[in-house]
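The block underneath contains the structure these notes are about, expressed in structure tokens.
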Amino acid sequence: NANANDTQKSVYAQRIEVPHVQPGNNYQLIVKYDDEIGVNYIVEWDKSKRAQRWTCWQWTKANNYKNWQRKNWNGASWNGQTWGGDPFHEETEIESTYRSLLSDYRNSGYNRGHICASEDRICSKNVNGQTFSLVNMQPQISGFNSGVWSNMEAKVRNWASTTTQNNGVLYVCKGGTINNVNLDGKETSGTTDMIKNRIPVPKYFFMAVLKQSSANT
């Protein structure tokens with residue numbers, strides 16, 4: 001059940017949910033790991049663009065249950081500090097030159113849009129907290145973030161609930177475009193803006209979902 005990626009980048013590159021990994025040194029795989037559930041999610045980070053290409057993860061019966069709520073962050077201790085709300089934080093696994101910053105989003109007019117949603121990872125405080133890393137964010141217009149994107153996330157969560165209750169697995173990969181894209185045979189820009197000349201704003205977002213039932217179909 002391994003995909004065709006070379007393991008040179010990471011042994012995790014051969015997991016089913018991981019798409020084609022870009023070659024070269026401009027790209028870094030970030031693996032968020034939790035002692036209880038194992039791999040939480042994986043990100044491919046484009047260091048030259050200070051942006052992610054995708055976040056992917058698995059939904060299983062072992063990680064699809066509720067033991068935490070986002071509203072619990074007010075006053076919660078985690079990751080070395082006490083939080084007064086959502087624990088958005090910069091990603092220390094990325095060198096400072098190549099990471100996105102909290103200040104990049106400040107007064108930018110864009111939301112810090114989760115790719116792996118907070119509500120998708122609520123089995124523990126740590127698992128949920130990891131979704132607030134900026135490595136798991138793309139700039140999103142508020143109406144999109146709380147509108148069609150949120151509605152699509154809810155739809156996928158419903159699929160995950162049905163699938164995992166039947167001991168199946170749902171594989172998910174989501175992201176936004178940061179390079180030119182080809183649509184109907186024509187090349188067009190995959191971005192609409194640059195935040196502070198540092199971070200691209202995707203023009204298109206995508207979700208790819210694969211279901212494996214308990215019968216491996």
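Derivation of every value follows stated rules applied to the coordinates shown; laboratory data play no part. All values reported here derive from a predicted model rather than from experimental measurement. All Cβ positions, glycine included, derive from the backbone under ideal geometry; neighbour counts span all protein chains shown.
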Checklist entry - Between Glu90 and Ser146, what is the label-to-label distance in nm when each label sits 7 Å out along the Cα-to-Cβ direction? => result 2.8
Checklist entry - By the gyration tensor of its Cα atoms, with a ≥ b ≥ c the square roots of the eigenvalues, what is the shape of the range 107-165: rounded for a/c under 1.5, prolate for a/b over b/c, or oblate? => result oblate
Checklist entry - Fully extended, how many nm does the chain gain between Lys211 and Asn166 (0.36 nm per residue separation, minus their Cα-Cα distance)? => result 15.1 nm
Checklist entry - To the nearest Å, what is the center-to-center distance of the range 51-74 and the range 150-217, using C-alpha atoms only? => result 15
Checklist entry - Hey, could you pull the Cα Rg and Dmax for the range 153-196, both in Å? => result 16.7, 47
Next on the checklist: Using only the Cα atoms of the range 135-217, what are the Rg and Dmax in Å?
Outcome noted: 16.0, 49
Checklist outcome for this item: note: the range 61-101, Cα-Cα separations exceeding 16 Å make up a percent value of 55
Checklist entry - Counting each DSSP H run of 4 or more residues in the chain as -39500 (n - 2.57), what helix-only mean residue ellipticity at 222 nm follows after dividing by all residues, to the nearest 500 deg cm²/dmol? => result -4000 deg cm²/dmol
Checklist outcome for this item: Among Lys125/Lys211; Lys47/Lys155; Lys47/Lys71; Lys61/Lys196; Lys49/Lys211, the pairs whose Cα-Cα distance exceeds 30 Å are Lys47/Lys155; Lys47/Lys71; Lys61/Lys196; Lys49/Lys211
Item to check | Cα gyration tensor, the range 75-217 - rounded (a/c under 1.5), prolate or oblate | outcome: oblate
Checklist outcome for this item: Around Gln28 (Cβ within 14 Å, Cβ-to-Cβ, excluding Gln28; K/R +1, D/E -1) the net charge comes to +2
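Loop-only check: which trypsin sites (Lys or Arg not before Pro) in the range 37-82 are DSSP coil with at most 14 other Cβ within 10 angstrom? Walk me through the numbers before you get to the answer.
Numbers: sites: Lys47, Lys49, Arg50, Arg53, Lys61, Lys66, Arg70, Lys71; in loops: Lys47, Lys49, Arg50, Lys61, Lys66.
Within the range 37-82, the qualifying trypsin sites (Lys or Arg not before Pro) (loop, at most 14 other Cβ atoms within 10 Å) are Lys61, Lys66.
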Next on the checklist: For the chain, which cysteines have no second Cys with its Cβ under 4.7 Å from theirs?
Outcome noted: Cys116, Cys123
Item to check | Label point at Ile16 placed 7 Å out along Cα→Cβ; residues across the range 37-70 whose backbone nitrogen lies under 13 Å | outcome: 57-61
Checklist outcome for this item: For Gly38, the net charge from surrounding residues (Cβ-Cβ under 11 Å; K, R +1; D, E -1) works out to -1
Checklist entry - Where Lys and Arg each count +1 and Asp and Glu each count -1, what net charge lies around Asn166 among other residues with Cβ under 14 Å from its Cβ? => result +2
Checklist entry - If the chain between Asn72 and Asn26 were fully stretched, how many nm would it gain, using 0.36 nm times the residue separation less the Cα-Cα distance? => result 12.9 nm
Next on the checklist: Over all directions, how big on average is the projection of the convex hull of the alpha-carbon atoms in the range 55-134, in square nanometres?
Outcome noted: 6.0
Checklist entry - In bins 10 Å wide, starting from 0, what share of all Cα pairs of the range 1-96 does each bin hold, as a percent? => result 13, 37, 34, 14, 1
